[in-house]
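Okay, so here's the structure we're looking at.
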Amino acid sequence: MRSLFLFLLLLNILYALWQLQAGDVQPDSVLPVAERSDGDHAPVSAAIEGEGASEPERPARSEVAEEAPPAALCITLGAFAERREAEQLLQRLLALDVQAGLVEDDVVGSTDYWLVMPVSGGSVDAVARLSLLQEQGIESFVITRGPLAGNISLGVFSRLDYAEARQAQLLADGNDVRVESVDKLRTQYLVQVQPAARRLVDQALLGRLRNDFPSLQHQYQACSPVAKLDSLP
């Protein structure tokens, strides 16, 4: 009886040990996906990292500065002192279907040298000084226009050396006089051929035009946006 009891006790102990060992082992089906190493599933950390990661930032597109297109070139023919001559040339070109126009341009024609006595007291002072100068026999007048208006002119000369010689005489007599250069503008007339018709004005045509306009000059210039173009019928 005692032997049977010990046998059953030993069996219970063995059974308990077997249950304890069986409880420590987890089947492969309950392992988390993150710990599997087969090729069917990627690790969880990699999956999360793939979902949250943004696309790699693309390098900023470099902006290449666009160069401004070159200015359109026109052919300028002339220059003429008389408008009538320029209009005749323009009429010839238009008859040949050459797109062109008349351009008026103000240029410095010559320079005059004025002997100027400055006046700071206004018109009253100017009249008083003018009277004094005329009493001395010095030809003079009050300047009424331009940047020198309000001062007194004691002569106008076409050459600087003449003006300086007269200035020296007046300074020796005690007159405060300075030399001022004044540009005289004149209008010249040119015919401007537009870029679309530039190829029509070749050397052969220029040679024929110079037969009627011996002083004709031509040059390539940027078309002026402020040119005044007058088309003739």
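The values are calculated or read from the model by the stated rules, or taken from the named source; none is laboratory data. Values in this document were obtained by computation on a predicted structure and should not be read as measured data. Cβ atoms come from the backbone with ideal geometry, glycine included; neighbour counts cover every protein chain shown. Heavy atoms of the whole protein, side chains included, go into the accessibility calculation; ligands, DNA and RNA do not. Shrake-Rupley method; radii C 1.70, N 1.55, O 1.52, S 1.80 Å.
Listing for the model above:
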read-out: Region 109-184: radius of gyration over Cα atoms, expressed as a fraction of 2.2 N^0.38 Å; value: 1.05
read-out: Solvent exposure ordering (accessible area, 1.4 Å, most first) of Phe141, Phe157, Phe80; value: Phe141, Phe157, Phe80
read-out: Spacing of the two label points (7 Å from each Cα toward its C-beta) at Ala16 and Ala81, in nm; value: 13.8 nm
read-out: Length gained when the stretch Lys184-Gln169 is fully extended (0.36 nm per residue, less Cα-Cα span); value: 2.8 nm
read-out: Mean-position separation - Cα centroids, region 83-131 and region 142-188, in angstrom; value: 19 Å
read-out: Sum of side-chain charges, Ser181 neighbourhood, beta-carbon under 12 Å (Lys, Arg +1; Asp, Glu -1); value: -1
read-out: Formal net charge of residues neighbouring Asp212 (Cβ-Cβ distance under 12 Å; K, R +1; D, E -1); value: +2
read-out: Local electrostatic count, Val108, Cβ distance below 13 Å [Lys/Arg +1, Asp/Glu -1]; value: -2
read-out: Heavy atoms of Arg186 accessible to a 1.4 Å probe, total area in Å² rounded to 10; value: 110 Å²
read-out: Rough spin-label spacing in nm, given labels placed 7 Å along Cα→Cβ, for Gln194 and Leu148; value: 4.5 nm
